[in-house]
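What follows is one structure encoded as structure tokens, with my remarks underneath.
A short reminder: the numbers here are calculations on the coordinates, not readings from a lab. Remember, it's a predicted structure, so these values are computed and weren't measured experimentally. Neighbour counts are summed over all protein chains in view; Cβ atoms, including those assigned to glycine, are modelled from backbone coordinates with ideal geometry.
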Amino acid sequence: MAIRKGLGIGSMYYGIGYGFSRADIGSAEIEMAEDGTTTVYSGACDMGQGVMTVVTQVAAEELGIEPEQIRVVAADTGSTPDAGPTSGSRATFVQGVAVQNAARELREEILDMASRMLECPRENLDVHRGEVCEVGTDRPMVSVGKVAHQLHFHGRRAAAWGWHDNTTQDVDPETSQGDAYATYGWATQLAEVEVDTETGRVRLTKLVSATDAGKAINPVAVEGQIEGGAAMGLGYGLYEQHILENGVPRTASLAFYLVPTAMDVPDIECEIVEVPDPRGPFGAKGVAEPATIPTTPAILNAIYDAIGIRITETPITPERVFFAIQEAKSRGEFSDD
Amino acid sequence: MKQRYALRVNGGTRETEAEPHESLLDVLRENLRLTGSKKGCNEAECGSCTVLLDGRPVVSCLVLVPDAVDREIVTIEALAEDGEPHPVQRQMVEQGGVQCGYCTPGMIMSAYALLQENPDPTDEEIRFAISGNICRCTGYGKIVKAVRAAAEEMGNEGT
Amino acid sequence: MRFDYFEPTTLDEASGLLREGKGARKPLAGGTDVVIQLRRRVIRTEGLVNLKRIPELGGWACVPGKGLRLGACTPMRDLETSAAVEGRFPSITEALRVVGSLQLRNIASVGGNLCNASPSADTAPPLVALEATARVHTPESRQETVPVENFFTGPGASVLGSGGLLLSVDVPEPAPRTGDAFERFTPRSAMDIAIASAAAAVTLDAAGERIEAVRIALGAVAPTPIRALKAEDLVRGKEPNPKRLEWAAAAAMEECRPIDDIRGTGAYRKELIRILVQRVLRQAVERARANGRTERS
Amino acid sequence: MSEDASRETAQPYHWIGRNVTKPDALEKALGATEYVGDMVVPGMLHAKILWAGTPHAVIRNIDTREAARAPGVAAVLTAADVPGTNRYGLAVLDQRALADDKVRSAGDALALVAAEDEEAAEEAVAKIKVDLEPLRPILTYKDALDPDGPPIHEGGNVFQHTTVRKGDLEQGIAESDVIVEDSYHTHRMDHVPMEPEAGLAYVDPSGVLNILVGTQYPYRDRRQIAPALDLPMNKVRVVQAPIGGGFGRKDDITAEIHVGLLALKTRRPVRLVYTREESLIANTKRHPMAMSFRTGARADGRLTFLDGDIYGDTGAGISLGAYVIKKAGIHATGPYDVPNIRVDTYTLYTNNLVSGAMRGFGVMQAAVAHESQMDQLAHKLGMSPLEFRIKNCLKPGLASSTGQLMNEGCGIEATLQRIKDYMNARDLRFKRSQAAS
């Protein structure tokens, strides 16, 4: 077989959140029960990517309690406040701050009550692993559960609501000038491909994804987004195509619409870059889309590196590459050796 | 016309009525309420419905009920023992192999079948064994890692 | 999708059920093609006749000196994992390994793959190249032997017509110094349907220098799997040097009559045949040489 | 920065940066999680949809009488049975819950059936008789741009034209030592969430319509559902059920309105589960785009201008297409400092399947063009594609195509540097350009 290898890179930036003056809000309510166990009512939909886990970790961090003490009730117009959609790589970036705000407020309430219970100045108190402690020590003075119990006893729910508005102004209608998005995601990927110059078949043999997560709140979940995103990007680049003939779908079966299998996706190397963004929770921002976008461009550039031919149409089917090679040959721009 | 079938499922015998052309998947899901096996395509292209039939992984969407009679059927619901998840299940969780979860049961059944047959597979063998299970979320890397970790865990248990 | 369902346990019973159906009943082996086609409403039926409980249709044996005999209902995966089959007929194993998914191959039968008579059926080219024959139970309950090469009559059609049954497939023991190979082309590395495929079986002369006998079969490039007879003529009796194989491949390319569909144009399929034929010939020759060496040693 | 963030490192946080296990993962691995298609409610009916299957036609008549009489059928609905506006759409209300005057894409729903089981519903669907008068379909960018073509909706087929203007394009061109020009075509992609779309609706004793659905945004669903069904918003409750993948497409209405309609009509719980085929035919896809880009640079490797046009096929509905294509336009430069810009985008209605949000949201397509242009320029300049990007990428103090000043959180250089380090550490080199370092 006539295999040629090539390397290519693709970069991108991606406006995180909704932009264009569309409402881009997050909100959450946190309630601590009498035993210190805590429920976060979060409107954000978890797609399995882990926004519930992010919400849990943010709440645990801010409240000084264990993640095991937290339960998240998510995405129900009957019980959770509106947190906007899970799209635009915005869930962590926007809802994370809303949860952070709610947790901070509840923590103030807890410390306020603890200060009265302990007869100790508020500023000397901190919460750590579910216990109110003196600042700088881990020595437990009273459990947050006991404090929450007192709050409930006094008719205060030990609850707080937090909100965050990430809405931007729209850009100028004539020039598109303006601050389009609150922030941007950034990523660069390196692809290594093998091109079979006889058949035109391209295989992705290596992918390295350097993705700026701002701060990886849950690194394994971030890697999950990066790897899954790149696999979807690979599908876009090489395999998947929804064909319509005269407006009628011809690929309405997974036998014809080809999603990459475990044998098509190489090991994806995740390079998590962390350039903290003060607008996100603990510096974090979304990675779902930044993880997907550079893959096809990186493959296109790697194909050029391998065979010196630029493909400008997706998907990069074997047939397309094959005929591009034939054309290049006929122009004397490609030789077999 | 509906007929009575006795199916040997997850170590017990379950009686049910079904049309003979109904799939094992539909009968498991609708009649026996074993909904862990998912219907992602109903034509053997996604693997979400994978169960074991006499120890082998099959796409239950294409097995007609009568063909499952007198055979040992194992579904995802039977992998945990006494509330203790199987190592493949535990490692899928720990290594981050689960995202939306829809492919997960079928994926686990394929991996489980592989490890029954080949307790120490290479990554390539793992990828081959799960290549009939489409996952749209993870990019497969963490699933391969989970299966490898499960193999190690099971190997350690055996020694 | 409502229809009658039968589970005959003898051949005659099965034949009778199909005959009574007057073409409106379908035999069912693994069922992987038939059930999908019924669900997609590509075919209609009034009844399914499940053949898996008929003892004669099950079982298989790959015995040195006697070739391979497989019952029509043998699950693909049984053969795929057989070291004996892989050692003797690697092209069959190569074809089996790429059909659908592993979970499908645990159900799907080799016989079903043939009877479905898809031009792209993966198991057909190696069986054609290896001179396999099909034992057929005709609608009139006669038993006949048909070369697999002549088994297919069009897309989705075979000599079985609406009432016949495929009983078994026999692959003769290859002559000494024979090698075979199969390759198919798909975009994905798993779970895909061939855009084009080719198989070759090559027997070298005693000196191991010239091709004594050769059969080349092509898939997905004509209404049925076909032989590339002109290509065979070009290499038979010749030294298998690269130039020679290239000529043969170019001839094969002209022998096929592929259609355009969403998976590829006819023009591209022809080009693929040119590549695949060279590759399978090369591989088959290599294997023939290796087999020659083991036989001599 | 060489820390490997995927390992847990010493840091000021207790829980941030830790691999806390996802709370939903174990039940999913056990097969215990119930997605909508796994849920059963006593008395539940099963729904099926009659799809148009043809791209453009006038609906003369839909005869449901025979279907309504079929065994096990509880309701057959067409547009005439929709109590509310029958309209939805994330940006504009241009989609119909059930097609009324016209068929606008093959993925339009014409009628709904609720029956005692799925098979009965399917058989009833087959009994619905539809009388359609075919219209010339608008299928290509060219068709859509033709002012004489039949309009798919009121107002013509060019839904939106956006413009990005920055600096002085002519000056940018004049300053350029190299210019590359190319056209790029990207295709329609399906999200293929492993869970086909599904919804379950029931009216509770207090009269509230409850809808469980694999959605990405229950609140916006509710804003779409209530008017379409003529219900006050507080009589609609939408709950996100466990979801088997969305990737943007479940941002849109999927099964919500249909199950709601049937539950209201029958006063029984109704479940609708798409087949994979339906999932591929209906609901939104990724926009195909046609892009022509001209990009220049000076001999020293600095980008000078971008001059581009982007045409996006949004199909028969806008969904979020207007935003997707506008976003493609303002991201057309990629993450680089380009002083002079002209980019025009066109959001075009066609009779193809509706395109909407999908992971990458317009930038996926734009990146195919801008990254190919970047490599072409690098090659013309004899520069490493990596160095060329590092030289031109946005940095704090520089401004994006929309004039947005970059400050904290501008990570592109760090990602490029990380790839450069990776390549250097392994001595990886591009074949057709200078070394990466």
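Dimensions of chain D along principal axes (Cα, Å, largest first)?
Over chain D, Cα extents along the principal axes are 77, 63, 38 Å.
Taking a quarter of the surface of the convex hull around the Cα atoms of the stretch C:27-121, what do you get in nm²?
Values: hull surface 25.9 nm².
It is 6.5 nm².
Long-range amide H contacts for A:Asn166: which residues qualify at under 5 Å (H placed 1.01 Å from N, peptide plane, sequence gap of 5 or more or a different chain)?
The answer is A:Asp24, A:Ile25, A:Gly26.
As a check on your grasp of the helix formula, calculate [θ] at 222 nm for chain A: sum -39500 (n - 2.57) over DSSP H runs of n ≥ 4, divide by the residue count, round to the nearest 500. Numbers along the way, then the final one.
Working: 6 runs with 88 residues, N = 337.
Theoretical 222 nm ellipticity from helices: -8500 deg cm²/dmol.
Search the structure for amide H atoms under 5 Å from the amide H of C:Ser168, placed 1.01 Å from N in the peptide plane, and list their residues when 5 or more places away or on another chain.
Result for C:Ser168 returns C:Ala72, C:Arg135.
With a Förster radius of 30 Å, plug the Cβ-Cβ distance of B:Glu81 and C:Thr81 into 1/(1 + (r/R0)^6) and report the FRET value to the nearest 0.05. Mind dumping the intermediate values first?
Numbers: r = 28 Å, r/R0 = 0.94.
About 0.60, to the nearest 0.05.
Please go through the residue pairs A:Lys5/B:Lys142; A:Lys329/D:Lys327; B:Lys39/C:Lys270; A:Lys5/D:Lys166 and name each one whose alpha carbons sit more than 31 Å apart in this structure.
In this structure, A:Lys329/D:Lys327; B:Lys39/C:Lys270; A:Lys5/D:Lys166 lie more than 31 Å apart at Cα.
Counting residues in the stretch C:55-171 as N, plug N into 2.2 N^0.38 Å and put the Cα Rg over that result. Could you put the intermediate results ahead of the total?
Working: Rg = 13.1 Å, N = 117, 2.2 N^0.38 = 13.4 Å.
Dividing the Cα radius of gyration by 2.2 N^0.38 Å gives 0.98.
Set the Förster distance to 30 Å, then compute FRET efficiency between D:Glu66 and B:Arg33 from the Cβ-Cβ distance, nearest 0.05. Intermediate values should be presented prior to the final figure.
Working: r = 34 Å, r/R0 = 1.13.
Taking R0 as 30 Å, the efficiency between D:Glu66 and B:Arg33 is 0.30.
Quick one: if you stick a label point 7 Å off each Cα along the C-beta vector at C:Glu173 and C:Val146, how many nm between them?
Calculated label separation equals 2.8 nm.
When the helix-only estimate is applied to chain B (DSSP H runs of n ≥ 4, each -39,500 (n - 2.57), divided by the residue count), what is the mean residue ellipticity at 222 nm, nearest 500 deg cm²/dmol?
Result for chain B: -9500 deg cm²/dmol, rounded to the nearest 500.
What list of ³J(HN,Hα) values in whole Hz, one per residue of the stretch C:20-31 in order, does the Karplus curve 6.51 cos²θ - 1.76 cosθ + 1.60 (θ = phi - 60°) give from phi, with Gly and Pro shown as x?
Along the stretch C:20-31, the couplings run 4, x, 6, x, 8, 10, 10, x, 10, 9, x, x Hz.
What number in nm² do you get for the stretch A:25-165 if you take the convex hull of its Cα atoms and divide its surface by four?
8.1
Given the stretch A:161-224, what whole percent of its Cα pairs are spread farther than 16 Å? Intermediate values should be presented prior to the final figure.
Working: 1442 of 2016 pairs.
Counting every Cα pair in the stretch A:161-224, those more than 16 Å apart make up 72 percent.
Rounded to the nearest 5, what is the percent of antiparallel bridges among the DSSP beta bridges in chain C? Walk me through the intermediate numbers first.
Details: 40 of 47 bridges.
If I count the DSSP bridges inside chain C, around 85 percent turn out antiparallel.
For the stretch C:4-50, what log10 I(q)/I(0) values come out of the Debye formula at q = 0.14, 0.30 1/Å, with one point per alpha carbon and no solvent?
Debye curve over Cα of the stretch C:4-50, log10 I(q)/I(0) at q = 0.14, 0.30 Å⁻¹: -0.30, -1.13.
What's the average, rounded to a whole number, of partner chain beta-carbon atoms within 10 Å of each residue's beta-carbon in A:283-293? Intermediate values should be presented prior to the final figure.
Values: counts 3, 2, 2, 0, 0, 4, 8, 4, 3, 8, 13.
The mean count of partner-chain Cβ atoms within 10 Å per residue comes to 4.
Please order A:Glu131, C:Glu131 by the number of other Cβ within 10 Å, starting at the fewest. If you can, show how the numbers build up before the last one.
Numbers: A:Glu131 21, C:Glu131 17.
So the residues, fewest neighbours to most, are C:Glu131, A:Glu131.
Mind sorting B:Ser23, A:Ser335, A:Ser253 by how few other Cβ atoms lie within 10 Å of their own Cβ, fewest first?
Details: B:Ser23 24, A:Ser335 9, A:Ser253 17.
So the residues, fewest neighbours to most, are A:Ser335, A:Ser253, B:Ser23.
What is the Rg over Rh value, at two decimals, for the protein assembly as shown, using alpha-carbon atoms and the Kirkwood definition of Rh? Please list the in-between numbers first.
Values: Rg = 31.1 Å, Rh = 31.9 Å.
Over the Cα atoms of the protein assembly as shown, Rg/Rh equals 0.97.
May I ask for the net charge around A:Leu258, where only other residues with Cβ less than 11 Å from the Cβ of A:Leu258 are counted and Lys, Arg are +1 while Asp, Glu are -1?
On the way: positive: C:Arg188, C:Arg263; negative: A:Glu240, A:Asp264, B:Glu45, C:Asp192, D:Asp190.
Computed value for this residue: -3.
Suppose the Debye formula is applied to equal point scatterers at every Cα of chain B; what is log10 I(q)/I(0) at q = 0.08, 0.11, 0.12, 0.16 Å⁻¹?
Here the Debye-derived log intensity ratios amount to -0.22, -0.41, -0.49, -0.84.
Rounded, prolate or oblate: which fits the stretch C:100-140, taking a ≥ b ≥ c as square roots of the Cα gyration tensor eigenvalues, rounded meaning a/c under 1.5, else prolate when a/b beats b/c?
On the way: a/c = 2.13, a/b = 1.36, b/c = 1.57.
Since a/c reaches 1.5 but b/c is at least a/b, the shape of the stretch C:100-140 is classed as oblate.
Taking H placed 1.01 Å from N in the peptide plane, check which residues at least 5 places from D:Val236 or on another chain put their amide H under 5 Å from its amide H.
D:Leu209
Peptides A:110-116, C:202-208, B:125-131: what's the order by average Cβ count within 10 Å, highest mean first? Show your work: numbers first, answer last.
Working: A:110-116: 20.3, C:202-208: 17.9, B:125-131: 23.0.
By packing density, highest mean first, the sequence is B:125-131, A:110-116, C:202-208.
Can you tell me what share of the DSSP beta bridges in the protein assembly as shown is antiparallel? A percent to the nearest 5 is fine.
Of those bridges, close to 80 percent are antiparallel.
What net charge do the residues around A:Gln177 carry, taking every other residue with its C-beta under 10 Å from that of A:Gln177, with Lys and Arg at +1 and Asp and Glu at -1? The partial results should precede the final answer.
Numbers: positive: D:Arg165, D:Lys166; negative: A:Asp172, A:Glu174, A:Asp179.
Charge balance near A:Gln177 sits at -1.
So what's the back-of-envelope 222 nm ellipticity for chain C, counting only DSSP H runs of four-plus at -39500 (n - 2.57) apiece and dividing by all residues, rounded to 500?
Working: 11 runs with 105 residues, N = 297.
Taking each H run of at least 4 residues, the total per residue is -10000 deg cm²/dmol.
Return one number: the angle in degrees, 0 to 90 and rounded to the nearest 10, between the long axis of the Cα atoms of helix C:242-255 and the longest principal axis of the Cα atoms of chain C.
The angle comes out at about 30 degrees.
Determine ³J(HN,Hα), in whole Hz, for all residues of the stretch D:382-396 in sequence, where each value follows from phi through the Karplus function 6.51 cos²θ - 1.76 cosθ + 1.60 and θ = phi - 60°; x replaces Gly and Pro.
Residue by residue, the stretch D:382-396 yields x, 9, 5, x, 6, 5, 4, 5, 4, 5, 9, 5, 5, 9, x Hz.
Using only atoms on other chains, find how many Cβ atoms lie within 10 Å of each Cβ of peptide D:205-214 and report the average.
Mean partner-chain Cβ count within 10 Å for D:205-214: 1.
As an exercise, use a Förster radius of 35 Å and the Cβ-Cβ distance of C:Arg40 and A:Arg22 to find the FRET efficiency, rounded to the nearest 0.05. Display every interim value, and only then the final one.
On the way: r = 41 Å, r/R0 = 1.17.
With a Förster radius of 35 Å, E is 0.30.
Over all distinct Cα pairs, what is the inverse of the mean 1/r for the stretch D:109-238, reported as the Kirkwood hydrodynamic radius in Å?
21.2
Under the definition of partner shielding as Cβ atoms of other protein chains within 10 Å of a residue Cβ, what is the mean value for peptide D:72-82? Walk me through the numbers before you get to the answer.
Values: counts 0, 0, 0, 0, 0, 0, 0, 0, 0, 0, 0.
That average works out to 0.
Could you please state, rounded to a whole Å, how far the C-alpha centre of the stretch A:131-147 is from the C-alpha centre of the stretch C:113-163?
80
I'd like the antiparallel share, as a percent to the nearest 5, of DSSP beta bridges with both residues in chain D. If you can, show how the numbers build up before the last one.
On the way: 58 of 78 bridges.
Close to 75 percent.
Considering the stretch B:3-78, what Rg and Dmax in Å follow from its alpha-carbon atoms?
10.8, 29
Using Cβ counts within 10 Å as a stand-in for footprinting exposure, how do A:Lys215, D:Lys142, D:Lys420 rank, fewest first? Display every interim value, and only then the final one.
Values: A:Lys215 25, D:Lys142 12, D:Lys420 21.
Ascending number of Cβ neighbours within 10 Å: D:Lys142, D:Lys420, A:Lys215.
For the stretch A:331-337, in order, what is each residue's ³J(HN,Hα) by Karplus, 6.51 cos²θ - 1.76 cosθ + 1.60 with θ = phi - 60°, in whole Hz (x at glycine and Pro)?
After applying 6.51 cos²θ - 1.76 cosθ + 1.60, I find 8, x, 9, 8, 10, 6, 9 Hz.
With no solvent and one equal point scatterer placed on each C-alpha of chain A, evaluate the Debye formula and give log10 I(q)/I(0) for q = 0.06, 0.08, 0.13 Å⁻¹, two decimals.
With one equal scatterer per Cα and no solvent, log10 I(q)/I(0) is -0.31, -0.51, -0.99.
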